[in-house]
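Below: one structure, written as structure tokens.
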Amino acid sequence: MQYRDYYEILGLTRGADADEVKRAYRKMARKYHPDVSKEKNAEDKFKEVQEAYEVLRDADKRAAYDQLGRDFRNGQQFRPPPDWSQRFGQPGGQRFSDLNGFSDFFSSLFGGSGFGGGAGQADTDAGHVDVTVEEAFAGTKRRVTLNENGRHRQVDLQIPAGVTEGQSLRIAGVGGRSSLIFRIRLRPHHVYDVVGKDVQIELPLAPWEAALGAKVAVPTLGGTVELTVPGGAQSGQKLRLRGRGFPGTPHGDQIVTIKLVTPAATTAAAKQAYEHLKRELQFDARADWP
């Protein structure tokens, strides 16, 4: 199999912090998302970016991945170290597998989260189940494979609408075994950020839309809605679409953060328009500076 340099895929150095990892992921995901990208092999690139972020956003996975060292190069032939499963797994116990179509490289390193278990014991933490934001919003079903001492057993996990990051779901034990507890982990989305039951989204606006006000079609997980932007809106200003977040009691909201986008003056006419605006408004953006 081929080694994957997750830092290189996201354009990061190994010292990047969690915020840098998240920003890099969102930038790359927007570039390669199959719904909007015109890049060659966008779908494959998008999967690579998702896989890299899956590892680097998780402190345990990242620490284990970093143990491989810096000597490998992206695309180089690779085999896990002989003692990998002893250092980073728990062979012989139950292992949960939900690999979500990731590469053989990912599967060889993180193909299961070990956990013990047996009759008469307390509930067992079976690890994470990754779901998309859309699946968490609407609800879904996930078939997971349990490797119990070398024997595979498939179980269906019902994921209700409105589950949130870190929420626990239980599958009752079979034959006296302890129940299995799965924790929900939301896959990152190129448009939506989920905080509790609220959904956050950036709304790009042209300067004239912000200055004059506008009615803008805004995507939500429940469908597109029309949002009225008041005249004089500023970059960073937040608008709220009540009840448009995750379902619950009560429903969450969708928080829309305005982001001004300035078109480039690439023609003589555009430059003249900006010069006219400069003379007409006599605006000083730094008037309150000392």
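The values are calculated or read from the model by the stated rules, or taken from the named source; none is laboratory data. Here the structure is a predicted model, which means the values were calculated and not measured. Here the Cβ is made from the backbone with ideal geometry for all residues, glycine too, and neighbour counts use every protein chain on show. The accessibility values were calculated without ligands, DNA or RNA, using every heavy atom of the protein model including side chains. Shrake-Rupley method; radii C 1.70, N 1.55, O 1.52, S 1.80 Å.
Name every residue in the range 272-286 that is more than 39 Å from the chain's Cα centre (by Cα) and either of a type outside the set (Gly, Ala, Ser) or surrounded by fewer than 10 Cβ atoms within 10 Å (Cβ to Cβ) (or both), in order of residue number. Spell out the reasoning first.
So the first thing to find is which residues in the range 272-286 are more than 39 Å from the chain's Cα centre (by Cα), and the list is 272-273, 275-283.
272, 275, 276, 277, 278, 279, 280, 281, 282, 283, listed by residue number.
Against the condition of a type in the set (Val, Ile, Thr), modelled with pLDDT under 95 and loosely packed, with under 10 Cβ neighbours inside 10 Å, how does residue 267 come out, does it pass?
On the way: of a type in the set (Val, Ile, Thr): yes; modelled with pLDDT under 95: no; loosely packed, with under 10 Cβ neighbours inside 10 Å: yes.
So residue 267 does not fit the description; no.
Just to be sure I understand the filter: pairs with C-beta atoms under 6 Å, separated by 6 or more residues or on different chains, first member in the range 1-22 and more than 20 Å from residue 81 (Cα to Cα) and open to solvent by 30 Å² or more (accessible area, probe 1.4 Å), second member modelled with pLDDT under 90 and part of a loop (DSSP other than H, G, I, E, B). Which pairs pass?
Taking only residues 6 or more apart or on different chains, the pairs are 8/74.
Only one residue in 46, 105, 96, 72 is open to solvent by less than 20 Å² (accessible area, probe 1.4 Å) and modelled with pLDDT of 80 or more. Which one? Lay out the reasoning, then the answer.
Details: 46 fails: open to solvent by less than 20 Å² (accessible area, probe 1.4 Å); 96 fails: modelled with pLDDT of 80 or more; 72 fails: open to solvent by less than 20 Å² (accessible area, probe 1.4 Å).
Answer to the check: 105.
For (1) exposed (fewer than 13 other Cβ atoms within 10 Å of the Cβ); (2) at pLDDT 95 or above; (3) over 22 Å from the mean Cα position of the chain (by Cα); (4) of a type in the set (Asp, Glu), each residue gets a yes or a no:
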| position | (1), (2), (3), (4) |
| --- | --- |
| 228 | yes, yes, yes, no |
| 234 | yes, yes, yes, no |
| 247 | no, no, no, no |
| 250 | yes, no, yes, no |
| 255 | no, yes, no, no |
